[in-house]
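Visitor: Would you mind keeping the following structure in view while I ask a few things?
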Amino acid sequence: MFEKEISRRDFTKIMGSAAALGTVAYYALPSFGSLLTEEEYAAALKTANIIWIQASGCSGCSVSALNYFNFGNQSNIGDVVLGNAPELADNFVNFRFQPTLMAGQGYVAMESLRQAAKGSFILVIEGGIATKDAGFYAEVGMNNDNTHGITIKEHIEELAPKATAIFALGSCATWGGVPAGKPNPTGIQNVMDFVKDQNIKTPVINIPGCPSHPDWLLLPIAIVLTKGLDALELDNLLRPKMFFSQTCHDQCPRRGQFEGAKFSTTLSNGDGCLYLLGCRAPEAHGDCPHRTWNGKGRWCVDAGGPCVACTEPSFPDNGPLYLNMLMWNHMNTVAIGLLGTAAVGVGTGYIAYKRQQNKKKAQKAAK
Ligand code: SF4
Ligand code: SF4
């Protein structure tokens with residue numbers, strides 16, 4: 001599939017620059033780093049051989065990663081790729097193929113991919129996989145006689161069986177996400193379903209989020225490479241338990257305001273629980289309130305935005321985003337009455353219970 005020939009001289013020259021630009025720096029060992037030493041973490045990422053395929057998505061997980069990697073100093077991504085950030089010289093992640101970062105284009109980029117796939121590698125897939133019309137809707141690179149593109153579907157069929165592990169990155173890769181939103185015109189499949197249907201045996205690890213947090217990806221990769229796959233405990237949705245065992249609601253600094261029925265009625269006042277404004281954190285698993293984004297201690301609720309439960313399989317078809325929870329409760333009550341089952345439309349049993357319990361409090365507060 002990747003066999004377009006280029007001269008050895010050209011390849012060596014270009015691979016030099018592609019390799020330099022295919023790596024990015026990270027700033028620190030994330031919390032939960034007690035599982036690895038700083039040295040183990042740095043060594044694992046430096047030698048990781050990561051092939052990162054961008055399938056159907058918005059590249060937000062790539063952007064999230066780049067925003068993070070340069071936090072903590074005055075360097076930006078330009079400084080890092082040009083070698084002007086010596087303080088980060090030991091903290092590089094070895095991306096062998098990453099379309100947003102790499103300098104190589106065309107045949108050169110495809111040759112980088114082919115070379116990386118010869119050895120052992122970790123496969124990161126960002127985005128859902130277009131399967132309708134043989135995957136025609138997403139292509140990277142051309143076939144040998146330059147007559148048609150190579151679909152993402154074909155790339156993954158080729159790479160996935162050879163990978164040490166597959167990390168499905170972001171909500172599009174893990175569940176289908178926005179590209180698979182109804183009516184799913186390009187036949188997007190999430191990675192775990194695709195791999196299962198293709199009878200590929202390589203283990204899949206789901207790292208959801210829209211976008212995902214770079215720590216959620218890098219620490220599990222380092223653990224798999226250093227301690228083996230069994231050292232990474234996964235939940236029943238294949239998410240690393242270390243990050244996804246609790247709900248954001250249970251860790252939210254405004255949780256006391258939820259219990260005390262102090263609800264915010266505007267997005268901008270910076271105070272009060274956002275439940276009435278559509279916050280779905282009670283059903284969202286992740287350590288967002290502690291992990292925070294861009295190294296700035298911020299997460300969705302802290303920025304005044306209700307959580308949309310982007311780490312859950314129901315996102316984004318879990319009802320209109322930012323719908324007032326009182327209205328949502330009412331709709332669910334009607335649905336329950338019509339269909340005669342307490343399970344319909346309400347989401348988890350926990351949420352149903354909590355909504356009932358807090359409905360009176362919320363109505364009182366909203367007056
Ligand atoms: S509903 Fe949202 S804002 Fe309110 S406590 Fe839970 S996570 Fe925080
Ligand atoms: S707080 Fe909610 S919407 Fe924000 S990243 Fe976490 S799970 Fe996603």
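The values are calculated or read from the model by the stated rules, or taken from the named source; none is laboratory data. Just so it is clear, the model here is predicted, and its values are computed rather than measured. Using ideal geometry, Cβ is built from the backbone for each residue, glycine included, and neighbour counts are taken over all protein chains shown.
Visitor: Name the single residue that is farthest from the chain's Cα centre (by Cα) among those in the range 119-147 being surrounded by fewer than 21 Cβ atoms within 10 Å (Cβ to Cβ) and part of a strand (DSSP E or B).
Guide: M142
Visitor: Any chance the range 257-268 includes a residue that's part of a helix (DSSP H, G or I), near ligand 1 (Cβ under 10 Å from one of its atoms), surrounded by 14 or more Cβ atoms within 10 Å (Cβ to Cβ) and not assigned by TED's automatic domain parsing to the domain that holds D235?
Guide: yes
Visitor: Next question, about the same structure. Kindly list, by first and then second residue, each pair from a residue in the range 209-224 that is touching a residue at least 60 places away in the same chain (Cβ under 8 Å) and outside any helix (DSSP H, G or I) to a residue that is within 16 Å of ligand 1 (Cβ to nearest atom) and basic (K, R), limited to pairs with Cβ atoms under 8 Å and residues at least 6 apart or on different chains.
Guide: Every condition considered, the pairs that remain are H213/R291.
Visitor: Name the single residue, out of those in the range 225-254 being part of a helix (DSSP H, G or I) and crowded, with 18+ Cβ neighbours inside 10 Å, that is farthest from ligand 2 (Cβ to nearest atom).
Guide: For the range 225-254, the residue satisfying everything is L225.
Visitor: Right, something else. Which one of F11, F32 is among the aromatic types (F, W, Y), modelled with pLDDT under 85 and over 19 Å from the mean Cα position of the chain (by Cα)?
Guide: Matching residue, one of F11, F32: F11.
Visitor: Exactly one of (1) within 10 Å of ligand 1 (Cβ to nearest atom); (2) touching a Cys at 6+ places or on another chain (Cβ under 9 Å) is unmet by G272. Its number?
Guide: Going through (1) within 10 Å of ligand 1 (Cβ to nearest atom); (2) touching a Cys at 6+ places or on another chain (Cβ under 9 Å) one by one, G272 breaks only (2).
Visitor: Could I ask something else about it? Out of the range 289-306, which residues are touching a Phe, Trp or Tyr at 6+ places or on another chain (Cβ under 8 Å), more than 9 Å from ligand 1 (Cβ to nearest atom) and outside any loop (DSSP other than H, G, I, E, B)?
Guide: Those that are touching a Phe, Trp or Tyr at 6+ places or on another chain (Cβ under 8 Å), more than 9 Å from ligand 1 (Cβ to nearest atom) and outside any loop (DSSP other than H, G, I, E, B): R291, W293.
Visitor: Taking the range 177-188 on its own, how many of its residues are touching a residue at least 24 places away in the same chain (Cβ under 8 Å) and either part of a helix (DSSP H, G or I) or surrounded by fewer than 24 Cβ atoms within 10 Å (Cβ to Cβ) (or both)?
Guide: 8
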